Amino acid sequence: MAILAACALAAPFPFQATNHVPQTFKFDVKPRHSGSRTPLQELVYTYAKYGWQIVIIDPFNPFSIVDGSTSSDPAPAATTSSAAPTETESMDAATSSSDVAIVTTVTAIVSVTASSPSPATSTAPSTFATSSVAATTSAVQSATTTANGETGQVTASPEQNDSEYLSPVTIGGQPLTLDFDTGSADLWVFSNSLPSSDSAGHVTFDPSKSSTFTPYSGATWQIAYGDGSSATGSVGFDSVTIGGVTVAHQAVELADNLSGAFVQDTQNDGLLGLGFSTINTIQPQRQKTFFENIMPSLALPVFTANLQADASGTYTFGAIDAAQYSGPIHYTPIDSSAGFWQFASPSYTIGSNGASVPCTTCSPAIADTGTSLVLLDDDVVAAYYAQVSGASQDQSQGGYVFPCSASLPDFGMAIGSGYTAVLAGKQILYEDLGGGVCYGGLQSNAGQGVQIFGDVLLRHFFAVFDGGAKRFGLAKKA
């Protein structure tokens, strides 16, 4: 996985921030149902995203492979921690819509639910604001801030299998649906420069229709995966509005050339990265993410993800809404040096009464809302499926499968040294492949030195991404 050297993150020229702090409002964003990735495509996509290689044998053509990507770059730095006690997440079906929870810790509140990707905005004094953005998924780059003391919410709507959650974002007055991704740091969108064959089914951004767009002369960006998927293009600055809160001079990457999985996935119009800008791909100068730009102006320097299984969820910026979770929030320090929300995961549990298994060799973990699966160290995932009757590795599917009738044990993942997040067995079944065979939501990381805790885990908990204190937290859902 590429780890870029540190460099300046400021915009190449001065800018004036325009503060848009609306009063309370909300709107619904419905999930967009069209094609979605199969489990195999999801695995290849995730491996490629992190620069890993995946070799999948086609039983009908055993000499062919699918190469998900190769990289000689180092894995994220490991952190240390001791074993964590187990605490099981509540078995509530997590199907309640909870589109928007309005935060009341600040003076002005903006609440946005996922439905129409075109949020309304209004102008208010530059005091405290709250904004909410609906989660589906999107990537956003930052370059300017908004008003001080803001908070906001956005509803997140899932695709099939909850493979990604899409959220409404307005760029230069144009509504788009983006994937919020804590595992990347680029805000890129489909642009009108793409050929119609590549943009079919997507909403494209047209900079000529934005009165606030400014080109970043000479700047480029590129995301290239070993499976042949790539995205490249130009860069500009424009106003980006999420949940009624606007960054007036945010770096936006315009896709002029796309291939592979990006074109095939018609569920979203781009990506809004919520990782750290050390992995932003803009050259010659990396740019800050939307969250990094807005963080100094938020009431609290945090955002939360309250994703749901088969229902709309909520992203909240600038506040931790007590109505969305119950009990304590279990925090662990993160190591953001590699650009990710990365933390130690030094133990695991298997079974409803399973003892904590210390794992001094376990790789650190990344909380990644842009990945659907949970990818674990080989020995950990093998230990789990050893307890599942009939489970086996299916090379044609790229991972573990099992009889759909099999009883799945619970599985717990340590979140730092003080808490273990436990998934019930039924929450680990990812997809019915047909013929009585099912695909598991826990799969191997192919020995890549980092574990990915994606939406199979995150959609069953309330997640806190604390940029101020550099920590990540989980709590039970309300």
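Laid out as a table, the results:
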| read-out | value |
| --- | --- |
| Hits in the range 421-478 - residues which are closer than 22 Å to SER312 by Cβ, charged (D, E, K, R) and in contact (Cβ under 8 Å) with a residue 24 or more places away in the chain | GLU431, ASP455, ARG459, LYS476, LYS477 |
| Only one of GLY412, GLY418, GLY390, GLY351 that is touching a residue at least 24 places away in the same chain (Cβ under 8 Å), out of contact with any Cys (no Cβ under 8 Å at 6 or more places or on another chain) and on the phi > 0 side of the Ramachandran plot | GLY351 |
| Of residues in the range 421-442 being assigned to a strand (DSSP E or B) and among the β-branched types (Val, Ile, Thr), the one surrounded by the most Cβ atoms within 10 Å (Cβ to Cβ) | VAL422 |
| Among residues of the range 335-365, those that are among the β-branched types (Val, Ile, Thr) and out of contact with any Ser or Thr (no Cβ under 8 Å at 6 or more places or on another chain), counted | 3 |
| Conditions (1) under 24 Å from ASN445 (Cα atoms); (2) out of contact with any Asp or Glu (no Cβ under 7 Å at 6 or more places or on another chain); (3) in contact (Cβ under 8 Å) with a residue 40 or more places away in the chain; number of the one not met by GLY370 | (2) |
| Single unsatisfied condition, SER210 versus (1) over 28 Å from GLY339 (Cβ atoms); (2) touching a residue at least 60 places away in the same chain (Cβ under 8 Å); (3) buried (at least 17 other Cβ atoms within 10 Å of the Cβ); (4) not acidic (Asp, Glu) | (2) |
| Top-ranked residue in the range 255-294 [being of a type in the set (Ser, Thr, Tyr) and at pLDDT below 95; ranked as nearest to VAL245 (Cα to Cα)] | THR266 |
| Those strands (runs of 3 or more DSSP E) lying entirely in the range 272-340 with at least 2 residues under 28 Å from ALA248 (Cβ atoms) | 302-306, 313-317 |
| Residues within the range 253-271 that are under 15 Å from TYR45 (Cα atoms), assigned to a strand (DSSP E or B) and hydrophobic (A, V, I, L, M, F, W, C), tallied | 2 |
| Test set (1) modelled with pLDDT under 95; (2) of a type outside the set (A, V, I, L, M, F, W, C); (3) in contact with a strand residue (DSSP E or B) (Cβ under 6 Å, 6 or more places away or on another chain) - PRO333 fails condition number | (1) |
| Output for the range 388-417, where each listed residue is in contact with a Phe, Trp or Tyr (Cβ under 9 Å, 6 or more places away or on another chain), in a loop (DSSP other than H, G, I, E, B) and modelled with pLDDT of 95 or more | VAL388, SER389, GLY390, ALA391, LEU408, PRO409, ILE415, GLY416 |
| The range 443-477, subset at pLDDT 95 or above, aliphatic (A, V, I, L, M) and not in a strand (DSSP E or B), residue surrounded by the most Cβ atoms within 10 Å (Cβ to Cβ) | LEU457 |
| Per-region count, the range 381-400, residues among the β-branched types (Val, Ile, Thr) and crowded, with 23+ Cβ neighbours inside 10 Å | 1 |
| Test result for PRO284, without any contact (Cβ under 8 Å) to a residue 60 or more places away in the chain and over 22 Å from LEU43 (Cβ atoms) | no |
| Residue list for the range 356-379, filter: surrounded by fewer than 23 Cβ atoms within 10 Å (Cβ to Cβ) and not in a loop (DSSP other than H, G, I, E, B) | VAL357, PRO358, ASP378, ASP379 |
| Qualifying residue in the range 246-264 (condition: crowded, with 24+ Cβ neighbours inside 10 Å, hydroxyl-bearing (Ser, Thr, Tyr) and in contact (Cβ under 8 Å) with a residue 60 or more places away in the chain) | yes |
| Index of the failed condition, PRO333 passing every other in (1) surrounded by fewer than 20 Cβ atoms within 10 Å (Cβ to Cβ); (2) within 21 Å of ALA478 (Cβ to Cβ); (3) not hydroxyl-bearing (Ser, Thr, Tyr) | (2) |
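The values are calculated or read from the model by the stated rules, or taken from the named source; none is laboratory data. Keep in mind the model is a prediction, meaning the values are calculated, not measured. FYI the Cβ positions are ideal-geometry reconstructions off the backbone, even for glycines, and counts take in every protein chain you see.
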